[in-house]
Amino acid sequence: MRKISVLSILVILMSMFQSCSEKIETDLTQTAFIPKPTSVTATGDGYNLTKASLIYVQEGPAGLLSTAEFLAEKINQLTGNSAETKTTNSTPSKGVYISIAEDGELNKQGYELKINKNLISIKGADAAGCFFGLQTLLQTLPVANDNAQPLYVPTGTITDSPEYYYRGSMLDVSRHFFNVEEVKQYIDFLAMYKMNVLHLHLSDDQGWRIEIKSWPKLTDFGGQTEVGGGEGGFYTQEQYKELVQYAADRQIMIVPEIDMPGHTNAALASYAELNCDGKARELYTGTEVGFSTLCTDKEITYQFIDDVIRELAEITPGPYIHIGGDESHVTAHDDYVYFVNKVQDIVKKYDKKIIGWDEIANAKLIDDVTVQFWADVENTTMGVEKGAQVLMSPAARAYLDMQYDSTTHLGLHWAGYIEVDHGYDWDPATLVEGITKENILGIEAPLWSETVTNIDEVEYMTFPRLPGYAEIGWTAPAERNWDEYKTRLAKHGKRFEALGIDYYKSALVPWEE
Ligand code: TNX
């Protein structure tokens, strides 16, 4: 009897000792931030997040409240608090404070995150900057806190801003359809790493995925299958708007793509009149490319495109519409050029800017066009000569559907294998001769989905490469090198696991046990 109680006292003492000695990280420079911030200085103390109960938002500027609410939700999840948000017109002395910097004080999309014992201040150049500052703050914390440990944020100051304006990823929802919940999950992944664009590849040979009210068969018929013969699907305009809002709350814009004149079999199957021979095509569930084309000399084709772009522009608040333009192998060159010229005018009429795959550089190119470099250097440099900006998505470096190595059970390898180091270790501004930083709008990592059928497979191809693309877009090349990056990435493995992300455990990364 006596023995047991001595033992239990001992156990209690030992566990007390253990929790007292639990090391609280107070050195902000030790956090494995991805993307790497411009500057981090530590002051060696800790802010007790468990005590955070009020998140103040500067009164006036738009777009801050969604960031505050996002933060409140995270804090409450982690600490069990019931932190609330509140607007104020003066800097508080305690809690968390989100505000906008003076004009010119910080670079666009940039922020200053200042943590001291009593106050966490997130000051953004704009609303986007505030959200990115919040993401940095979240990286100082675990993603989950199941045993409700007290949480401290190391004190210090971070100032930070991105190298490129546009940092994105593309999800091909046509070859395989991903539903609203899955797309939201993808948006969450982008948000964690300060990416600000989701490009949705909404139409291709295998399926049309966005409701167009004036051409209902596009989805009623053309949306009903996918690669392999599954049932496909589509987004109603209401669902698309829901995605746009969900993304916007995370400072992400959606760039919708309607691929044309090739990659259009789903439309050609839905409406016979879009074919030059007036005959509807069969639905297609294979993975060949380059066999379909809209009829470029029919009036109805341009009426169709006008309707599609008009409806899409109405539900897309972002400035861009992507017109595809790739691999139109069965469209005669002159017809292709004529077509792309006409489509640019239609997009412009609806006040949107154009992005297209690098082939569109063969057309005239109106003002403010962006060519997305994926394969052809000549096309891309021709685009630059015609005054276009470049979006960098080199297939051999940035395609998320490329296999990691020859043992990867998903994906393709026509552009080569992309191990995690190969995906990370390049500079958009020096990769292609003649294309320099001034020409580059940003970078995008596309995930084509011929072989990718569900969100677990999306995760496997995306992680751990996505954080690397986020860092390429955000961090200056002089501040990046693989050997240092891989040690930071290694610390994110636990975060992926806690989030249930099914990632590729590359042997090149020293993952922490
Ligand atoms: C090429 S990249 C394509 C897509 C395929 C992809 C597969 C581009 C503009 N076109 O149609 O899905 O390869 O990696």
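Taking each residue of the stretch 368-384 that is over 18 Å from MET170 (Cβ atoms) and looking for partners that are open to solvent by 20 Å² or more (accessible area, probe 1.4 Å) and away from the ligand (no atom under 14 Å from the Cβ) with beta-carbon atoms closer than 6 Å, six or more apart or interchain, yields ASP368/LYS353; THR381/GLY434; VAL384/ASN439. From the list ASP297, ASP307, the one residue that fits, being open to solvent by 10 Å² or more (accessible area, probe 1.4 Å), within 18 Å of ILE212 (Cβ to Cβ) and either free of Cβ contacts under 8 Å to residues at least 60 places away in the same chain or not in a loop (DSSP other than H, G, I, E, B) (or both), is ASP307. Residue selection: LYS342 fails the criterion of being away from the ligand (no atom under 12 Å from the Cβ), assigned to a loop (DSSP other than H, G, I, E, B) and either surrounded by fewer than 21 Cβ atoms within 10 Å (Cβ to Cβ) or charged (D, E, K, R) (or both). Determine which single condition VAL308 fails, assuming it passes every other condition in (1) in contact with a helix residue (DSSP H, G or I) (Cβ under 9 Å, 6 or more places away or on another chain); (2) closer than 28 Å to ALA429 by Cβ; (3) β-branched (Val, Ile, Thr). For VAL308, the failing item is (2).
Right, THR287: part of a loop (DSSP other than H, G, I, E, B), in contact with a helix residue (DSSP H, G or I) (Cβ under 8 Å, 6 or more places away or on another chain) and of a type outside the set (D, E, K, R) or not? So THR287 passes the test. Of the residues making up the stretch 458-484, those that are buried (at least 18 other Cβ atoms within 10 Å of the Cβ) and in contact with an Asp or Glu (Cβ under 7 Å, 6 or more places away or on another chain) are GLU459, TYR460, MET461, GLY473, TRP474, THR475, ARG480. Filtered by the rule that a residue be outside any strand (DSSP E or B) and buried (at least 20 other Cβ atoms within 10 Å of the Cβ), the stretch 113-125 gives a lone residue, ALA125.
Looking at the structure I just gave you, is GLU25 surrounded by fewer than 17 Cβ atoms within 10 Å (Cβ to Cβ), modelled with pLDDT of 75 or more and more than 30 Å from THR487 (Cα to Cα)? Considered against the rule, which asks whether it is surrounded by fewer than 17 Cβ atoms within 10 Å (Cβ to Cβ), modelled with pLDDT of 75 or more and more than 30 Å from THR487 (Cα to Cα), GLU25 comes out as no.
Here THR31 fulfils each of the conditions (1) in contact with a Leu (Cβ under 9 Å, 6 or more places away or on another chain); (2) modelled with pLDDT of 95 or more apart from (1).
Taking the stretch 46-112 and the strands (runs of 3 or more DSSP E) fully enclosed by it, the elements with 3 or more residues that are crowded, with 20+ Cβ neighbours inside 10 Å are at 54-58, 95-100.
The set of residues in the stretch 162-178 that are over 11 Å from GLU226 (Cα atoms) and either open to solvent by 10 Å² or more (accessible area, probe 1.4 Å) or outside any strand (DSSP E or B) (or both) comprises PRO162, GLU163, TYR164, TYR165. The residues listed here are GLU327, GLU311, GLU359; of these, the one that is assigned by TED's automatic domain parsing to the domain that holds LEU412 and more than 22 Å from THR380 (Cα to Cα) is GLU311.
The values are calculated or read from the model by the stated rules, or taken from the named source; none is laboratory data. Remember, predicted model here, so these are calculated numbers, not experimental data. Glycine gets a Cβ as well: all are built from the backbone with ideal geometry, and neighbour counts include every protein chain shown. Only protein heavy atoms, including side chains, enter the accessible area calculation; ligands, DNA and RNA are left aside. Shrake-Rupley method; radii C 1.70, N 1.55, O 1.52, S 1.80 Å.
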